[in-house]
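Remarks on the structure that follows.
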Amino acid sequence: MPFARHSGYSFTTFSVRQNAPKWGGVYGLSNAQGWIYIHAVDDIRAALLDHLNERNPTIFFRSVTGFTFELCDTAERSQRCNRLIEELHPAVRDSSQGR
């Protein structure tokens, strides 16, 4: 099952500050071609702002145009992230998740 949120947001500092929660869950980064990255974190807003502030992002992260997220508690977060990775096949896989 894809992300519970069916709407996405623009991947800009303003949009992240306006729309991303400071709670834990799973987020996904995407562009028109598909999913780029999916990750589970304790603070979705902080993680997204970190991506925006990276000095030398990889080619994949430079092409991000949108994000979405799903809130979930700590106990289910990792499992939900792995299911989304398996289903959506993001271009970048974090070495600590999605194995």
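Data for the structure
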quantity: Residue check, GLU70 of a type in the set (Asp, Glu) and either surrounded by 15 or more Cβ atoms within 10 Å (Cβ to Cβ) or outside any helix (DSSP H, G or I) (or both); calculated: yes
quantity: Evaluation of ARG55 against (1) among the basic types (Lys, Arg); (2) at pLDDT below 95; (3) open to solvent by less than 60 Å² (accessible area, probe 1.4 Å) (one fails), failing number; calculated: (3)
quantity: Qualifying positions in the stretch 83-95 - under 21 Å from SER7 (Cα atoms) and without any contact (Cβ under 8 Å) to a residue 60 or more places away in the chain; calculated: ILE85, GLU86, HIS89, ALA91
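The values are calculated or read from the model by the stated rules, or taken from the named source; none is laboratory data. Since we're looking at a predicted model, the values are computed, not measured. Because the Cβ atoms are built from the backbone with ideal geometry, glycine has one as well, and the counts that use them run over all protein chains shown. Heads up: the accessible areas ignore ligands, DNA and RNA and are worked out on the full protein's heavy atoms, side chains in. Shrake-Rupley method; radii C 1.70, N 1.55, O 1.52, S 1.80 Å.
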